[in-house]
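To start, the structure itself, in structure tokens.
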Amino acid sequence: MAAALTQFCGSTFWNASFLERSDPDLPVCLEQTVLVWIPLGFLWLTAPWHLSGLFKKKASSTHISRLYCTKQLLVALLFLTSIAGLAVTLAKDYGNYRDPSPEKQNPGVLYTNPALYCASWLLMLLSQESVRRRGETGESGALFLFWILSVLCGVFPFQTLLREALRQDSVSDLPRFTLFYISYGLQVLTLIMSSFADVSQETREEAKKNPETSASFLSRITFNWFNSMVLNGYKRPLEVEDLWDLNESDKTQAIFSEFEKTMNWEVKKAWKKQNQRRKQGLQSDTQANRLAKSHSQDVLVMEEKGEQKKKEASSEKQCEFAQSWLIPSLVKTFPRVLLESALFKVLQDLLVFVSPQILKLMVSFTQDKSIFEWKGYLYAVLLVLVAVLQSMLLQQYFQRCFVLGMRVRTAIMAAVYKKALVVSNAARKESTVGEIVNLMSADAQRFMDVTNFIHLLWSCPLQIIVSLVFLWEELGPSVLAGLATMILLVPLNGFLAVRSKTLQTKNMKYKDQRMKLMNEILNGIKILKIYAWEPSFEAQILGIREKELKVMKSFSYLASISMFIFTCAPFLVSLASFAVFVSISSDNILTAEKAFTSISLFNILRFPLAMLPMLISSMVQAAVSVKRLEKFLGSTDLDDSAVHHDPSFNTAVSFCDASFTWEKNGEPVLKNISLDIKPGSLIAVVGAVGSGKSSMVSAMLGEMENIRGHINIKGSVAYVPQQAWIQNATVRDNILFGSVLEQERYQCVLEACALLPDLALLPGGDQTEIGEKGINLSGGQKQRVSLARAAYSHADLYILDDPLSAVDAHVGNHLFEKVVGPHGLLKGKTRVLVTHGVSFLPHVDEIVVLVNGELSEIGSYQSLQASGGAFSEFLSTYASEGNRKEGGAQDVSGVGEEAVMLLDSLEPQADDPPEDVVKVILKRENSLRLSQRNGRVSTQKRSSRAGSVVSAQKDQKGQRLIEKENVETGQVKLSVYKKYMHALGWGYSSVIVLAYLLQNVAFIGQNLWLSAWTNDAVAYMNETYPASLRDMRVGVFGVLGMTQGVLVFIGTLLMAAGAISASRILHSRLLHNILHVPMCFFDTTPSGRVVNRFAKDILTVDEAIPMSLRSWLVCFLGVLGTLFVICLATPFFTAVIIPLAIFYYFVQRFYVATSRQLRRLDSVSRSPIYSHFGETVSGLSVIRAYGHQERFLQHNEMTIDKNQQCVYPWIVSNRWLAVRLEFVGNLVVFFSALFAVLSRDSLDSGLVGLSISYALNVTQTLNWLVRMTSELETNIVAVERVCEYTELENEASWVTDVHPPPHWPEDGKIQFDNYKFRYRPELDLVLNGITCDINSTEKIGIVGRTGAGKSSLTNCLFRIIEAAEGRILIDGIDIATLGLHDLRQKLTIIPQDPVLFSGSLRRNLDPFESFTDQEIWKAMELSHLKQFVGELQEGLNHEVTEGGENLSVGQRQLLCLARALLRKSRILILDEATAAVDLETDNLIQTTIRAEFSHCTVLTIAHRLHTIMDSSRVMVLSAGKIVEFDTPRQLLQKQGYFYAMVKDAGIATVDDTAL
């Protein structure tokens, strides 16, 4: 081969002597062949791909830029130079035509090369045109790489020709000499041109929104296109508007449509496989069954049935979802990214091992002075080239992986959302809303995290194997000792991981407990304050917190041990290997090459060994997520095939012998229903609780499983659910619900639904943002908005599931008249109204009566009344009520609240034992329970809530501003660090720093000792190595290593202890203060914001801050140590440190500012995804009924994209940083190598090896340091947020020096003296100069329209809000002088909403455990709960679930009564206590109060006027003033305000209501 090439060139192809001299050069033949063919070969290899672009698209004639023309011109000139080269050769050979036989022809290479170049430049012209046609910006990567190769390979002939000319003082071959330099110059110019992007006008517009689209190849690999974002972020905190658009391929729609196709196909395949398996299983079962046929037949039948059911149940449990399809679907959706990233990873992994080999050559270069100096420079350049290449590959790999992770998360989130819209009820039942939202948040996130490191599964083993091969070469079999040490440490780490995991789950359990209780405290904060129960709950929370901290302590001890092992591992491994190596034989001497190459290799080994256990544990977690996701995404869809939409029917709705159930194979809830509803009619559906009214609605909406028969519905549907579902959007958006705004119709709807007065009260009118779950609307308002939504939609059929129960009678009548009734807005449309209100029934066209899920009777009001069936029975039950209303049935407008009766008592038949009535009430469904809350919520709530919207907006703005300031100025941050250090304890802090500092000193000492040890190899070159010296070297090396481990252990332990005490201090301060802040704080602050402080911020303080603080310290000291060692070895290096440090500092400042803000935007933009999802899941039936799934899907895609817009730049910002930092690290490597070559004569080889192996490690440490700085800055914000809430202004002190007498108040006299008060200083007065005396044992009824200030009176008595002016005296003592607890413990209230806390019944009645069991049972008896509690298994220790969900509303209200009975105080306040209760409970409460509180002063705030008609006096409030105050009889005679209210409610005389 070489001979042939030598002949081809006409000169030697290769001779080693060319290099064995101090001024080496390559043979000319090599330069003319190999170095020419490499770049051209590359160009021709990529040619097919380039040329294919020419045939695909028509040229876009518009865009021919100057840059393109310049490049084409340069290539054309290059083409001309190659033609000229060919001409020169031809002229020399054949130019002398007179003498056609030249003695010596030119060699073949001078013909082939110009010809090759001619063809290649033509190819290049075509390729550049093809790139332009593809519309790719700038430059194809392949062409750019060709130019780089070409220029690099040209360097060698460049210097050869120059040196030759200088040596001879003349140029032998002038034409070729000139042509070469012209062509080389043109190539360099083209390379420079190629590094710019060739951007068309359209792309330029696009690039403003997303610069990546127009970035050139060079800009892409260095992430330069991201500079503008970083610069922006440094100047001012980034806002959402500053973020760029996503690439098309990263948008949710693109990703999901791709994923959905693959997913559906894979799920089908999985089902097929599973069914085949099941069939095989069943076949084997039937064979087994045949053998058992000899049993007696009937026993067999029975057994078989039972078995079959069991089997069905169990097989259903096992196989109700397709398995193992999710991973294949993801792999098939993103194959390209996976392959690209794998390719980058392989290359990078192999390059990692090149550096130690170059290091080895470098060390031998410093030892052996006979080696030519140019080799040293070559090694230094090679080191830096390898490092740069490695960085580039690694960053591209990471970029691909993180983008893949982001896409996977998107695909899963979109899939879960879409599935949630179509999931069947059975599948929905299996998981709560919270769990489904978790699939989207936690599981999708976990997938993202695992995907980022998925390639390590094969890369870690690969790295381990390769490094062991290299180590074997260095140290031979003694490597096995090191390997054995590593392997022994693995199970130890595994054990620690398992222990940590159990502790972690325990910790999570306590955290959940604490958060659950905290949530309840915040939800029931008003009750806590009114009852003065804060200390008891504070103690409970601190108790749980102590347990939590105890677990954390154990956890951090384990962490310290694993830290100790992790620190000792590398040194133990090298100690074992080196010790065995030198002890095996006396010939084995540890040289610098061996030692430092091995240490570099051991360092490489550390990473995969540390990563593997982490990877495995995260794989296990991901496997759990895969199962959960497969179960949800593979579950059955809702089957609404039973609901037909056949327009040929002449009925609006037809039930054709339809039976429905809630679950497959469940009992039918609706049985054999056949019913036709005429178009345009108004149908009422009535029946007892549990008779199937709501099920009938669900069946019409297609939400139930069909057993037989079908339903036909003509036209579109509008649906008003029993519990209003309100979106977190403006009132207007809630009503329009995606329809176009038609102003006139919209106003009509608002008026008909009685929303105009409410909108007038809201701060932004119909543009007021409604909080999550409609938090700032009362129950009645929500229901009216829900009704307005239906009324506004152009539907053909309106299904109204008892919308009138949540509003009071007056409003109910209005809604019936104006919207639903025969003259309402919807007249002429088909309306199906489920109702409990008797008063509306005479006005409907037909009444459908359901009993136990069957159609009992159907007909008009009159015919049913006459028929004597279930309906007339129910009517006669309430006949007395009817009389009392004095013919209210005929006159809808006069119907009172009592008319809106529950048909509860329809269920028990005449011969049932009477207590069944109570049981029925107790068994009421949750949904019913909640929906019967009285709609009108007192003004206090409304005004404070309305206020809360405004203030929340201000609040958010305020918060934003504060946070921005913190980002911009460093000073604030310093004080926060100080606060944390202070909580940590200054003693702890200084000892921790000292421990880590000493550890670093020991580390450097150990390595210096190693370099001294390796120098022995030179000292004892040809002598035997003394054993004593050997043992001392090994011994000291070991001791220094152990010292490090011990110091790290001490540092970590102290850090843990300090961090836990800091956590304890910060949490208890926060809790203490939150319980002391005034009520108005909770009215204006969403509870989520407070919960966040206790959950996320405290978690950060507990776990993240100590970790990032420790990592930061280790990194910082590590970097200092490295620089110190390099400067020690090569003092020149100090000159380079300063410029590098400045560059590093700037990069770090730029990055931290941008990255932190992007992280914040990420978390801000993430919550809308989850809240919109939670909202969708809870409003599924409404969305499906209106058929708005597509709109919600699009909205979800939009919210996910908004979040992606923050995640993607964050990913890129990390790559941007890494590329720049690795550049700094690579320079450190280069300079440390370069200075080692320069000062070669004064250095020993040990130090060179040490400084370069340190430098090779510095890149990683630098990268970590910036990451940690940024993380620490992000995390420390949590301390700031916690401290912000520990400094809130408190309410008056709980206990003061003024104590009331022990039995105060003895008489219970209350005097208001010109009392005025407002909710917040900036709002109007709510009570405006109240003056009155209430005598001992008087029973006062307080009435007034909504917003008159009734509930505000109670707030004043308990000093929930302090007076603006005037005072209140109780038994002559001014309540403002007392401590809050002294006051609140002496008053009793039965509040409007019965709030219970999770825990035992006993704890709910008596949290301080100050009463005996006897007293509690007595109270239970009086509050009619004794029998109920007595029948419970645990009696008083019966666990109440969160919010008392496992008790009915009535029982909860009775428990509140029991609380009041235990207090035995002389003043009782009843705050609309009966508004949410059925008549049964209402009766019980009233009777008990009359009997047990006869000696007390009782103030009753009433909505149902009949409850206060027998009061001593009635106080009528209007606009915060008392307008009437006298006995009911007097007031009725006066015919003023009170008389008007009584008349409205349809109560005729006082005697009528005396119960």
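The values are calculated or read from the model by the stated rules, or taken from the named source; none is laboratory data. Because the structure is a prediction, the values reported are computed rather than measured. Note that we place each Cβ from the backbone using ideal geometry, even for glycine, and neighbour counts take in every protein chain shown. Calculation scope for accessible area: heavy atoms of the full protein, side chains included, ligands and nucleic acids excluded. Shrake-Rupley method; radii C 1.70, N 1.55, O 1.52, S 1.80 Å.
Would you say residue 184 is open to solvent by 40 Å² or more (accessible area, probe 1.4 Å) and either more than 26 Å from residue 1212 (Cβ to Cβ) or part of a helix (DSSP H, G or I) (or both)? Judged against the criteria, residue 184 is not a match.
If you go through the stretch 189-221 and keep only what is exposed (fewer than 14 other Cβ atoms within 10 Å of the Cβ) and either under 30 Å from residue 1220 (Cβ atoms) or of a type in the set (A, V, I, L, M) (or both), you end up with 192, 204, 205, 208, 209. Scanning the stretch 799-814 for residues that are touching a Lys or Arg at 6+ places or on another chain (Cβ under 8 Å), surrounded by fewer than 24 Cβ atoms within 10 Å (Cβ to Cβ) and not in a loop (DSSP other than H, G, I, E, B) gives a single hit, 811. Taking the criterion of being aromatic (Phe, Trp, Tyr) and open to solvent by less than 10 Å² (accessible area, probe 1.4 Å), the only residue of the stretch 588-611 that qualifies is 596.
Rundown of residues vs (1) open to solvent by 10 Å² or more (accessible area, probe 1.4 Å); (2) in contact with a Leu (Cβ under 7 Å, 6 or more places away or on another chain), yes/no style:
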site	(1), (2)
1225	no, yes
1229	no, yes
1232	no, no
1243	yes, no
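State all residues of the stretch 681-691 that are open to solvent by 10 Å² or more (accessible area, probe 1.4 Å) and either part of a strand (DSSP E or B) or at pLDDT below 90 (or both); if no residue qualifies, say none.
Within the stretch 681-691, the first condition is being open to solvent by 10 Å² or more (accessible area, probe 1.4 Å), and the residues that meet it are 681, 689-690.
689, 690, listed by residue number.
Here's the yes/no breakdown for (1) part of a helix (DSSP H, G or I); (2) within 19 Å of residue 468 (Cα to Cα):
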position	(1), (2)
590	no, yes
593	yes, yes
596	yes, yes
601	yes, yes
604	yes, yes
609	yes, yes
612	yes, yes
620	yes, no
625	yes, no
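Given the criteria open to solvent by 20 Å² or more (accessible area, probe 1.4 Å), closer than 20 Å to residue 253 by Cα and part of a helix (DSSP H, G or I), does residue 1175 qualify?
Working: open to solvent by 20 Å² or more (accessible area, probe 1.4 Å): yes; closer than 20 Å to residue 253 by Cα: no; part of a helix (DSSP H, G or I): yes.
Judged against the criteria, residue 1175 is not a match.
Annotation: of all residues in the stretch 422-442 being part of a helix (DSSP H, G or I), open to solvent by 20 Å² or more (accessible area, probe 1.4 Å) and of a type in the set (Val, Ile, Thr), the one that is modelled with the lowest pLDDT is 433.
With respect to the conditions (1) in contact with a helix residue (DSSP H, G or I) (Cβ under 8 Å, 6 or more places away or on another chain); (2) modelled with pLDDT of 80 or more; (3) part of a helix (DSSP H, G or I), residue 780 falls short on a single one, namely (2).
Of (1) over 30 Å from residue 400 (Cα atoms); (2) in contact with a Lys or Arg (Cβ under 7 Å, 6 or more places away or on another chain); (3) open to solvent by 20 Å² or more (accessible area, probe 1.4 Å), residue 445 satisfies all except one. Which? Evaluating residue 445 over (1) over 30 Å from residue 400 (Cα atoms); (2) in contact with a Lys or Arg (Cβ under 7 Å, 6 or more places away or on another chain); (3) open to solvent by 20 Å² or more (accessible area, probe 1.4 Å) leaves (1) as the failure. Just one of (1) of a type outside the set (A, V, I, L, M); (2) closer than 18 Å to residue 510 by Cβ; (3) surrounded by 21 or more Cβ atoms within 10 Å (Cβ to Cβ) trips up residue 1110, so point out which. It fails just one condition, (2).
What tally of residues in the stretch 1287-1319 results from selecting those that are surrounded by fewer than 16 Cβ atoms within 10 Å (Cβ to Cβ) and under 15 Å from residue 1355 (Cα atoms)? Of the residues in that region, 1 qualify.
Determine if the stretch 1407-1430 includes at least one residue that is under 30 Å from residue 811 (Cα atoms) and surrounded by 21 or more Cβ atoms within 10 Å (Cβ to Cβ). Walk me through how you get there before you give the answer.
First pass over the stretch 1407-1430, keeping only residues under 30 Å from residue 811 (Cα atoms): none.
Scanning the stretch 1407-1430 turns up no residue that is under 30 Å from residue 811 (Cα atoms) and surrounded by 21 or more Cβ atoms within 10 Å (Cβ to Cβ).
Among the residues of the stretch 510-517, is any surrounded by 15 or more Cβ atoms within 10 Å (Cβ to Cβ) and without any contact (Cβ under 8 Å) to a residue 60 or more places away in the chain? Scanning the stretch 510-517, I find at least one residue that is surrounded by 15 or more Cβ atoms within 10 Å (Cβ to Cβ) and without any contact (Cβ under 8 Å) to a residue 60 or more places away in the chain, so the answer is yes. Of all the criteria given as (1) within 30 Å of residue 508 (Cα to Cα); (2) open to solvent by 10 Å² or more (accessible area, probe 1.4 Å); (3) modelled with pLDDT of 85 or more; (4) over 29 Å from the mean Cα position of the chain (by Cα), the one not satisfied by residue 564 is (3). Identify, please: which residue in the stretch 350-383 is β-branched (Val, Ile, Thr) and surrounded by fewer than 17 Cβ atoms within 10 Å (Cβ to Cβ) and is, among those, modelled with the lowest pLDDT? Here the residue is 371. Going by the structure shown, is residue 554 touching a residue at least 40 places away in the same chain (Cβ under 8 Å) and small (Gly, Ala, Ser)? Criteria met by residue 554.
So, residue 1370, is that one under 26 Å from residue 1294 (Cα atoms), at pLDDT 80 or above and open to solvent by less than 50 Å² (accessible area, probe 1.4 Å) or not? Judged against the criteria, residue 1370 is a match.
Screening residue 1200 with (1) modelled with pLDDT under 90; (2) among the aliphatic types (A, V, I, L, M); (3) farther than 30 Å from residue 643 by Cβ gives one miss only, at (1).
Having 1 or more residues that are among the polar types (S, T, N, Q) and touching a Phe, Trp or Tyr at 6+ places or on another chain (Cβ under 7 Å) is the bar; report the helices (runs of 4 or more DSSP H) wholly within the stretch 1034-1145 that clear it. I'd like the intermediate steps shown before the answer.
Values: elements: 1079-1084, 1087-1092, 1105-1129.
So the answer is 1105-1129.
Go through the stretch 721-755 and count every residue that is closer than 25 Å to residue 1173 by Cα and either more than 38 Å from the chain's Cα centre (by Cα) or in a helix (DSSP H, G or I) (or both). Reasoning before the result, please.
Initially, the stretch 721-755 is screened for residues closer than 25 Å to residue 1173 by Cα, giving 721-740.
If we keep only those that are either more than 38 Å from the chain's Cα centre (by Cα) or in a helix (DSSP H, G or I) (or both) too, we end up with 731-736.
Final tally of qualifying residues: 6.
For residue 1152, indicate whether it is farther than 16 Å from residue 436 by Cβ, in contact (Cβ under 8 Å) with a residue 60 or more places away in the chain and either touching a helix residue (DSSP H, G or I) at 6+ places or on another chain (Cβ under 9 Å) or open to solvent by 10 Å² or more (accessible area, probe 1.4 Å) (or both). Yes.
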